[in-house]
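Notes to accompany the following structure.
The values are calculated or read from the model by the stated rules, or taken from the named source; none is laboratory data. Every value quoted in this text rests on a predicted model; they were computed, and no experiment measured them. Cβ atoms come from the backbone with ideal geometry, glycine included; neighbour counts cover every protein chain shown. Note: areas computed on protein heavy atoms with side chains; ligands, DNA, RNA excluded. Shrake-Rupley method; radii C 1.70, N 1.55, O 1.52, S 1.80 Å.
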Amino acid sequence: MWSGQRFDQAHLLPDRSPAEARSKPCRTGPEPSEFLEQGLARDRRLLESGAQVRAVYQQRFAVVPALAEFFRRQTELGVEVRLAPVVPLNMILSDRRFALLPIDPDNHEAGAVLARGSALVRSYLAPYEYCWHTSSTFGHVEQRRGGERLTEQQHAAIRMLAAGMKDEKIARSLGVSLRTLGRVMSEVMQELGTTSRFEAGVRAAKLGWLD
């Protein structure tokens with residue numbers, strides 16, 4: 001059994017898992033209804049034990065009624081639920097000492113691998129915290145500093161571009177084709193008044209759009 005102060009969870013795990021600890025979920029995809037119920041039961045146990053429970057989901061899942069209701073119920077329990085434009089990787093992090101990661105990110109049924117050690121886990125904590133800090137509280141629409149005319153998809157694309165991600169990974173994270181990504185980036189550059197992606201990233205940073 002894992003124990004400690006913090007636990008970052010990527011998937012809703014069945015009760016037989018060792019995920020009885022401090023919990024903060026980071027999920028990229030919707031879960032079957034039975035797993036959602038198991039997740040709520042687990043979150044309740046964690047909160048009752050004094051755990052801090054946080055969850056980050058992709059924003060697009062909030063429009064799915066079943067998932068929106070799940071997020072609402074989590075919030076009622078005391079889970080800190082946030083929505084991010086992009087959640088690039090499912091992961092479970094516990095107290096900065098353990099990391100549970102998918103063997104194959106494209107096949108959630110392939111199983112997972114458990115990594116131990118603060119030095120190793122720290123490298124996975126960084127993207128989790130990035131998702132957390134670029135997300136918004138579930139049920140609350142935050143005001144952006146500039147770029148109000150950009151869509152969430154465009155904001156996510158420019159953030160990932162500025163982070164140095166390749167087109168293939170950006171397109172995969174957004175769930176779009178490379179052709180669609182090219183159109184999205186062209187719209188962003190037009191909005192920023194730039195002629196290159198590099199210039200767009202620099203200008204977006206200066207405008208505070210990446211904060």
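The average projected area of the range 58-211, computed from the convex hull of its Cα atoms over all directions, is 10.4 nm².
For residue 82, the residues whose modelled amide H falls within less than 5 Å of its own, excluding neighbours fewer than 5 places apart on the same chain, are 55, 56, 57, 138.
With all protein chains kept in place, the per residue accessible area of the range 150-211 amounts to 55 square angstrom at a probe of 1.4 angstrom. Using the Cβ-Cβ distance between residue 52 and residue 151 with R0 = 30 Å, the FRET efficiency computed as 1/(1 + (r/R0)^6) comes to roughly 0.40. If R0 is taken as 25 Å, the Cβ-Cβ distance between residue 126 and residue 76 corresponds to a FRET efficiency of 0.25.
Heavy-atom surface analysis with a 1.4 Å probe gives the range 66-211 a carbon and sulfur content of 52 percent of its accessible area. Note down the Stokes-Einstein diffusion coefficient of the range 151-197 in µm²/s, whole number, using a Kirkwood radius over alpha carbon pairs, 37 °C, and 0.692 mPa s. Reported coefficient: 315 µm²/s.
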